Each structure stands twice: as structure tokens, then as C-alpha cells.
1. Is the shape of the stretch 77-215 rounded, prolate or oblate, going by the alpha carbon gyration tensor and its root eigenvalues a ≥ b ≥ c, with a/c under 1.5 for rounded and a/b larger than b/c for prolate?
2. Would you mind getting the accessible area per residue of the chain, heavy atoms of the protein chains only, 1.4 Å probe, in Å²?
3. Which one of Gly116, Ile195, Phe138 is farthest out on the positive end of the charge dipole of the chain, using unit charges on Cβ (Lys, Arg +1; Asp, Glu -1) and the Cα centre as origin?
4. Past the 28 Å Cα-Cα mark, which pairs from Lys106/Lys282; Lys144/Lys279; Lys204/Lys288; Lys92/Lys285?
5. In whole angstrom, and with the biggest value first, how far do the Cα coordinates of the chain range along each principal axis?
6. How many percent of the accessible area of the chain is carbon or sulfur, using a 1.4 Å probe?
7. By average Cβ neighbour count within 10 Å, what is the ranking of 99-106, 52-59, 223-230 from highest down?
8. Can you tell me the Rg and Dmax of the stretch 67-158, counting just the alpha carbons, in angstroms?
Amino acid sequence: NLISARELVSESTIKDLTTGRLVTMENRVEGPSSVFLTTTNPEIDAETRSRFFVTSVDESREQTRAILAFQRRLHRSDGLADRAAIEAILRKHRNFQRLLKMLAVKNPYADQLTYGDDRLQGRRDQPKYLNLIKAVAFLRQMGKPVRLETRDGHAVPFIEVDLVDITLANRLAHEILGHSLDELSRPSRDLLLLIEQMAGQRLKKNAKESPRLTDFFFSRRDAREFAGWNNTRLHIHLKELVDFEYLLVEAGRNGMPYRYRLAYEGQGKHGERFMLGLKDVKELKPPKA
């Protein structure tokens, strides 16, 4: 409620000391407010999760190795030098935040940006993505010209989003909001790459100038014949690809044959995380003055 409605309202019943009657007292806390939650529970309520950027600690073996080495290093000479270095880094970050000015942020590229429209979740995720771009621009305000806009007779200072802001925000969005092919089982990942290969060959054969993989439709039979898999195995891993939203089901109800469409365009083959539907910064045109 505090995030969506920007206020919290609670009502409680109390006894009026003057009349002795029960009356309702309203308590109101107004936002907006930043909300930060931490939990050790990986299963988060979907309604709550949809309102947040969700990230997690690095649980890789390399990070564990670095933490263990740091813990051992702290016991050399009581780790005084390391603690001093940590405090210096924290102090620098806090001092930098104190230098930031309260400025409005405008995004002149907003109309050109895209976001995956295949899921209803995009209605909540796109505002997070757009606000992420504004946050990056706000943090980079010291390298931007401050402009003035008159509102109700008052001059309001503002800065504008540039291509560097969008590039940085896209990189963060891929990491925070994006998926990884490693989330798939190995057979499902192999099937996705085979379907991508099939799409490339079929679209090229149709002589399209700049084919997009997301324009490719196929049936279970198409996938089964191209991959050479049996129907049971194919059914299991097609379902996983649909559940992870790498494929979209375009038909298959009320007796209609199943038809699928790729929602994947070849990202993340080397282990990096990625988001579907974001426009490449190279495709953005300079905003009109």
C-alpha cells in the first residue's frame, strides 16, 4: 500500500473518555517512501515480489573463496588496515550522496524505448525499468547541464536522460530483472537452441531481409522433426520453456493444435543474464529539440 497508494491508513476503535462511546480513530502515514526488505526465504509472495527489484547475494564458489580469504586476513594484526579501508570506502559513498541535489529528471527517449509486452507482469516491470533509468541519470547529475522549466510561476530545475544512462540502466536491468539460460535444465536449454537454429533457417529460407526470431511460429511437429526427439521428451521440455517464458503459446485450446512463438532472440548463450524486449541503445534516435 505504501508503494502503490503512497500512504498507509489504519483505523482503530477507542473509547471516548468524555462521552464513554466507542469512536473510530484514523491513523495516516503519507509517502512516498523507499522500501527495502531482506529475507532468507526464497519463496516470496508473487504480489509483493512484483513491486520490487529482487536481487540476491553472490553464492558462487568464487565469492565464497573470496569471503573465506577475507575472514582469514582480518586475523592478521587484528585486521586494522582492512577495517580502516572499509570505513574509507563507506565514508566516500556517504559524502558523495550528500553532494547530490534534488533535481527532476526527464527522459526524452521514453517514447522510443520498448519493453516485453508478452506478459501482464510487464505492466509493473516497465515502470521499474523506467525509474531505474531515472535513478542512473540522477546519480550522474554532476556531468549534466541543469535546465529550468517554469511550473505555476516557479522555475523548476531538471536534468535529462542521455544514452549513457540508458546503456547503464539496461546493463543493470539485464542483471536484476533478467533471466539466465542456466535456470533451464540442460535438455530444455538444448531444445531452445535447436528451435532458435530452426527459426533462423526457416526465416532465412523465406528471404526476409532482417528476420526477427520472435516473428517465428512453429508447431510441436515442426520442433519434433527438426530436433529428432520423441513426443514425450519434447512435451516435457517445451512446457519448461513455456513456464520460463522463452516460448509463448499462441494456440492450443478448444481442440486447436498447439502453435508456439519464440520470445527469445539468442541472448545469454555465454552465461550472462538478459531481459527480453529491451531496445538496443544503438537504435535510439536523438530527441527533437
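1. On the way: a/c = 3.17, a/b = 1.43, b/c = 2.21.
It is oblate, given that a/c is not under 1.5 and a/b is not larger than b/c.
2. Values: 20870 Å² over 289 residues.
Heavy-atom accessible area per residue stands at 72 Å².
3. Phe138
4. Details: Lys106/Lys282 20 Å; Lys144/Lys279 24 Å; Lys204/Lys288 36 Å; Lys92/Lys285 36 Å.
Distance filter (> 28 Å) returns Lys204/Lys288; Lys92/Lys285.
5. Extents along the principal axes, in whole Å: 78, 67, 50.
6. Working: 10700 of 20870 Å².
The C+S portion of the solvent-accessible surface of the chain is 51 percent.
7. So the peptides 99-106, 52-59, 223-230, ranked by packing, come out 223-230, 99-106, 52-59.
8. In Å, with Rg to one decimal and Dmax whole: 21.1, 63.
The values are calculated or read from the model by the stated rules, or taken from the named source; none is laboratory data. Predicted model only: the values in this text are computed from it and were never measured. Note that we place each Cβ from the backbone using ideal geometry, even for glycine, and neighbour counts take in every protein chain shown. Surface areas here come from the heavy atoms of the whole protein model, side chains and all, with no ligands, DNA or RNA. Shrake-Rupley method; radii C 1.70, N 1.55, O 1.52, S 1.80 Å.
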